[in-house]
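**Q** This is the structure I have questions about; it appears just below.
The values are calculated or read from the model by the stated rules, or taken from the named source; none is laboratory data. Being a predicted model, the structure only gives us computed values, none of them experimental. Note that each Cβ is placed from the backbone with ideal geometry, even for glycine, and that neighbours are counted across all protein chains shown. To get the accessible areas, we keep the full protein, side chains included, count just its heavy atoms, and leave off ligands, DNA and RNA. Shrake-Rupley method; radii C 1.70, N 1.55, O 1.52, S 1.80 Å.
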Number of protein chains: 2
Amino acid sequence: MPKKVDHEARRQEISEALWRIASTRGLDGASLRDVAAEAGISLGRLQHYFRTKDEMLVFALRHINRLAAARIRERIESLDREPTPRAVLRACLSGMLPLDDKSRIGLLVGAAYYARAVHDPTLRAEAQQGIPQLRAFFADQLRRAAERGELPPGRATEDEAMLLISAVDGLATYVLLGVHEPQDALRMLDLQLAHLFGDAGEEREGAERAGGRQGAGR
Amino acid sequence: MPKKVDHEARRQEISEALWRIASTRGLDGASLRDVAAEAGISLGRLQHYFRTKDEMLVFALRHINRLAAARIRERIESLDREPTPRAVLRACLSGMLPLDDKSRIGLLVGAAYYARAVHDPTLRAEAQQGIPQLRAFFADQLRRAAERGELPPGRATEDEAMLLISAVDGLATYVLLGVHEPQDALRMLDLQLAHLFGDAGEEREGAERAGGRQGAGR
């Protein structure tokens, strides 16, 4: 195996040890030594790949984001041959909810990063690159939907795209905090999409039919 | 001062020392000893008020939530004598965005808690009590709006209330991460409210859009 690929593979293995710590007990107080122990290597060996905790955190965050993006691409490819922009959006957004173990672990790691990133410009820079790209991709899907007559043209905006990202982010947060279940979050994501695409009237009839359930939930 | 009140006041002072740490560098690795130093008291004195870190964290979280609730009540009281349910909702929701220093510090402390709470059932219990109460209060405002003919009745649901909370939570997160500015978050909150109340067509692009749904919302 070429040396560069080997180096990358070792860094990925160390990242995965970091995720196991982040997803089971958080990164609160986790040291380079803890991560080395989890990866089954010496501290000196780990420092050959990452000189500082920040360098390791940034690499591990990029790696988990790449894997999440690959999972979302798979979800899109598993759709019909020519999915509607709305189906593409739903596949991406539901991929951001903790509906299975992999996405749940990704979100737990994300929670550990978030708490550090609000105080750390280096970690924050990752969000500042990634989220505007996602927002632009979603806005592009909205423009495609508007061109197909499936969305009122005035709603094909970056703000609408950012509202989708924000709503799903919040819905996922409250799954991790145990306020609601993953399936509740998915139902509310569909409600948000229904509002955006202007078919909430249909949803409303559905909600009225399900009135007993809503009442019982209070 | 009666002893019980004094005890409560000391616990609040210690909580405030904890917040200063949480809002400047996070709770990552912060010990009882660090909090005692920040509060200008000995570790033994701190342990007179809180025996464990968890006990201190739960008290401090409740205290900051009480203060946030008081700020939101003030915002509601500063509205017209009989504010519309929509104005009440907007006052509450905008109070959850980091639009000033106090709410920003509250959210930074919240970020530190969140990373711990996903792994800690005791801290999670706080969110599991508080959020459903907030959701019920918002759903009640939505029902009042529907009774006044200001909201399609089918939208006066707990799910719609939870979507508002989730969207604002996500919008606030991306302010703390520096993805957008507080004023952007407020603009998108207004867009979410406009969708819910059925007047997004009007705000975004004029009266010809969204036909009967929009009419029903007025």
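**Q** With (1) of a type in the set (Ser, Thr, Tyr); (2) under 23 Å from residue B:114 (Cβ atoms); (3) without any contact (Cβ under 8 Å) to a residue 24 or more places away in the chain as the list, and residue A:78 as the residue in question, which single condition is left unmet?
**A** With (1) of a type in the set (Ser, Thr, Tyr); (2) under 23 Å from residue B:114 (Cβ atoms); (3) without any contact (Cβ under 8 Å) to a residue 24 or more places away in the chain applied to residue A:78, the lone miss is (2).
**Q** Among the residues of segment B:133-142, is any among the hydrophobic types (A, V, I, L, M, F, W, C), away from chain A (no Cβ under 14 Å) and under 11 Å from the mean Cα position of the chain (by Cα)? Give the derivation first.
**A** First, pick out the residues of segment B:133-142 that are among the hydrophobic types (A, V, I, L, M, F, W, C): B:134, B:136-139, B:142.
Now narrow it down to the ones that are away from chain A (no Cβ under 14 Å): none.
Looking for residues that are among the hydrophobic types (A, V, I, L, M, F, W, C), away from chain A (no Cβ under 14 Å) and under 11 Å from the mean Cα position of the chain (by Cα), one finds none in segment B:133-142, hence no.
**Q** For residues that are in contact (Cβ under 8 Å) with a residue 12 or more places away in the chain and in a helix (DSSP H, G or I), scanning just segment B:116-130, find the one that is nearest to the other protein chains (Cβ to nearest Cβ).
**A** At the first step, the residues of segment B:116-130 found to be in contact (Cβ under 8 Å) with a residue 12 or more places away in the chain are B:116, B:120, B:122-123, B:126, B:130.
Adding the requirement that they be in a helix (DSSP H, G or I) leaves B:116, B:122-123, B:126, B:130.
Values: B:116: 6, B:122: 12, B:123: 9, B:126: 9, B:130: 9 Å.
In this case the residue turns out to be B:116.
**Q** Restricting attention to segment B:146-164, which residues are within 14 Å of the chain's Cα centre (by Cα) and more than 7 Å from chain A (Cβ to nearest Cβ)?
**A** Listed by number, the residues that qualify are B:161, B:164.
**Q** Got at least one residue in segment B:182-189 being of a type outside the set (Gly, Ala, Ser) and at pLDDT below 95?
**A** no
**Q** Hey, another quick one. Please specify each residue of segment B:138-154 satisfying the condition of being part of a helix (DSSP H, G or I), at pLDDT below 95 and of a type outside the set (Gly, Ala, Ser).
**A** Pass one, segment B:138-154, residues part of a helix (DSSP H, G or I): B:138-147, B:153-154.
Now restrict to residues that are at pLDDT below 95: B:153-154.
Of everything in segment B:138-154, just one residue is part of a helix (DSSP H, G or I), at pLDDT below 95 and of a type outside the set (Gly, Ala, Ser), namely B:153.
**Q** While we're on this one: Which one of these is under 21 Å from residue B:158 (Cα atoms), among the acidic types (Asp, Glu) and assigned by TED's automatic domain parsing to the domain that holds residue B:69: B:120, B:140, B:101? First the steps, then the outcome.
**A** Values: B:120 fails: under 21 Å from residue B:158 (Cα atoms); B:101 fails: under 21 Å from residue B:158 (Cα atoms).
Being under 21 Å from residue B:158 (Cα atoms), among the acidic types (Asp, Glu) and assigned by TED's automatic domain parsing to the domain that holds residue B:69 holds for just one of B:120, B:140, B:101, which is B:140.
**Q** Right, something else. Give the residue, chosen from B:159, B:190, B:169, that is open to solvent by 10 Å² or more (accessible area, probe 1.4 Å), more than 20 Å from residue B:132 (Cα to Cα) and assigned to a helix (DSSP H, G or I). Steps first, please.
**A** Details: B:159 fails: more than 20 Å from residue B:132 (Cα to Cα); B:169 fails: more than 20 Å from residue B:132 (Cα to Cα).
Going through B:159, B:190, B:169 in turn, the sole match is B:190.
**Q** With the requirement that a residue be over 16 Å from residue B:114 (Cβ atoms) and facing chain B (nearest Cβ under 9 Å), what does segment A:17-29 give you?
**A** A:24, A:29
**Q** Within segment A:81-98, identify whether any single residue is within 14 Å of chain B (Cβ to nearest Cβ) and farther than 30 Å from residue B:167 by Cβ, and answer yes or no. Steps first, answer last, please.
**A** Taking segment A:81-98 as the starting set, the residues that turn out to be within 14 Å of chain B (Cβ to nearest Cβ) are A:93, A:96-98.
Now drop any that are not farther than 30 Å from residue B:167 by Cβ, which leaves none.
No, segment A:81-98 contains no residue that is within 14 Å of chain B (Cβ to nearest Cβ) and farther than 30 Å from residue B:167 by Cβ.
Per-residue answers, yes or no, for (1) closer than 20 Å to residue A:124 by Cα; (2) without any contact (Cβ under 8 Å) to a residue 40 or more places away in the chain; (3) of a type in the set (S, T, N, Q); (4) surrounded by 19 or more Cβ atoms within 10 Å (Cβ to Cβ):
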| residue | (1), (2), (3), (4) |
| --- | --- |
| A:18 | yes, no, no, yes |
| A:26 | yes, no, no, yes |
| A:34 | no, yes, no, no |
| A:39 | no, yes, no, yes |
| A:42 | no, yes, yes, no |
| A:46 | no, yes, no, yes |
| A:51 | yes, yes, no, no |
| A:55 | yes, yes, no, no |
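**Q** Out of A:97, A:18, report the one residue that is outside any helix (DSSP H, G or I), within 19 Å of the chain's Cα centre (by Cα) and hydrophobic (A, V, I, L, M, F, W, C).
**A** Details: A:18 fails: outside any helix (DSSP H, G or I).
When all the criteria are applied, what remains is A:97.
**Q** What about residue B:90, is it in a helix (DSSP H, G or I) and either among the small types (Gly, Ala, Ser) or more than 12 Å from the chain's Cα centre (by Cα) (or both)? Don't jump to the end; show me each part of the working.
**A** Details: in a helix (DSSP H, G or I): yes; either among the small types (Gly, Ala, Ser) or more than 12 Å from the chain's Cα centre (by Cα) (or both): yes.
Answer is yes for this residue.
**Q** Could you tell me which of the residues B:60, B:136 is among the hydrophobic types (A, V, I, L, M, F, W, C), within 21 Å of residue B:16 (Cβ to Cβ) and out of contact with any strand residue (DSSP E or B) (no Cβ under 9 Å at 6 or more places or on another chain)? First the steps, then the outcome.
**A** On the way: B:136 fails: within 21 Å of residue B:16 (Cβ to Cβ).
Selected residue: B:60, the only one of B:60, B:136 that is among the hydrophobic types (A, V, I, L, M, F, W, C), within 21 Å of residue B:16 (Cβ to Cβ) and out of contact with any strand residue (DSSP E or B) (no Cβ under 9 Å at 6 or more places or on another chain).
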